[in-house]
C-alpha cells in the first residue's frame with residue numbers, strides 16, 4: 001500500500017449471529033442456524049472504510065486459532081492491509097449477537113478476560129510508520145486491559161506528534177465493565193489525545209461528562225479542543241465542534257433489519273467524508289447514511305460501498321428494495 005492510509009487500531013474478532021424467531025402462540029418457533037461473520041468494533045470500521053474506497057491498515061493482535069485466521073483472512077479479502085496484525089497464542093474473541101425479530105440485539109462475548117486483541121504491545125506500535133498515515137482510529141474497547149491500552153494510548157500520542165488526526169469511539173460497555181477509577185482515568189486520557197470523539201449520546205457521552213443534557217455533555221467533552229459526535233440512534237447525531245458550533249444532523253429513514261455495528265458504520269462514513277474534504281456536519285450526514293444502509297442489511301459487516309451511500313444521501317432515505 002503506497003498511498004497514505006487510515007490506521008485502525010484495536011479489536012478484531014468473529015461475530016456469531018443468532019437470529020431469534022418471532023414467538024407466535026400455538027406455533028413452533030422457526031429456528032435458523034447461527035451465522036459467522038468477521039467482527040470487532042475497529043475491525044468493522046476498517047471494512048467500512050475499505051468498502052468506501054479508503055486505503056486502510058489494521059494494527060492489532062488476533063488469536064493463532066481458527067477464528068483468528070478467519071478474522072484475518074476476512075479483513076484481507078476486503079482489501080484491508082494486515083501487515084500490522086500479529087497472531088498471538090490466545091483465544092480470538094467470539095461475540096454472540098442475539099438479534100430480535102425487530103432488528104434490535106443483545107450482545108455478549110467470550111472469553112471475558114485475556115482475549116487475543118488485548119496482547120498488542122507499545123513496542124508493536126513503534127513499528128508502525130505514521131508518516132504514511134492520513135488518520136488514526138481506535139476504540140474504548142481496547143482501553144480496559146494491559147498491554148493493549150498502553151499501546152493504544154502510545155499510538156494516539158505518536159499520531160498527534162506526527163500531525164495525524166486521531167478519532168476515538170468510546171465504546172464504554174459500562175454494563176460489562178462498570179465505571180471504576182482505572183477505566184475512567186484511561187478513557188479520560190484517551191479523550192485528551194483525540195481530535196474526534198464518537199459515542200452514544202445517552203449511554204456514553206452523558207455518563208462520561210456526568211451531564212444529562214446531550215448537548216451540554218457533548219460541549220463538556222469538546223472542551224474547545226475537539227469535535228464530539230453524540231450518536232442519537234434513529235435520531236441521527238449531534239455534532240459539537242471545537243469552535244463551539246453545534247448542530248443536530250438528522251438520520252435517514254431505513255428498514256430495520258439488524259442494528260449490529262451501526263455505530264461502526266457511522267464512524268467509517270464520517271472518516272471517509274472528512275478525508276474527502278467535507279466539513280464535520282456534512283461528514284456526519286455521510287456517517288448517518290452509512291449507518292442507515294447497514295441497518296437495512298444483516299450483520300455488522302453488511303456495509304455499503306461509496307455509490308450506495310451517495311444514493312442514500314441524494315434520496316434522503318434507504319429504499320426498501322436495498323434490504324435483503
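Just so you know, all these numbers are worked out from the coordinates, no wet-lab data involved. From a predicted model like this one, the values you see are computed outputs, not experimental measurements. As a convention, Cβ positions derive from the backbone with ideal geometry for all residues, glycine included, and neighbour counts pool all protein chains shown.
Sorting 188, 241, 259 on the 10 Å Cβ count, fewest up front, what's the list?
On the way: 188 10, 241 17, 259 20.
By the 10 Å Cβ count, ascending, the order reads 188, 241, 259.
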statement: In terms of the alpha carbon gyration tensor, root eigenvalues a ≥ b ≥ c, rounded if a/c is under 1.5 and otherwise prolate when a/b exceeds b/c or oblate, segment 142-275 is rounded
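Apply 1/(1 + (r/R0)^6) to the Cβ-Cβ distance of residue 192 and residue 278, taking R0 = 30 Å, and write down the FRET efficiency to the nearest 0.05. Don't skip to the end; give the middle numbers.
Numbers: r = 26 Å, r/R0 = 0.86.
E(calc), rounded to 0.05, equals 0.70.
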- line: Length gained, residue 76-residue 106, 0.36 nm per residue minus C-alpha separation, equals 8.0 nm
field: Quarter of the Cα convex hull surface for the chain, i.e. its orientation-mean projected area (nm²)
entry: 16.3
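Figure the gain on full extension for residue 315 and residue 69 (residue separation times 0.36 nm, minus the Cα-Cα span) and round it to one decimal in nm. Present the calculation step by step, with values, prior to reporting the outcome.
On the way: separation 246, 0.36 × 246 = 88.56 nm, distance 3.92 nm.
Here the answer is 84.6 nm.
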message: If you restrict to DSSP beta bridges whose two residues both lie in segment 94-180, what percentage is antiparallel, to the nearest 5?
response: 60
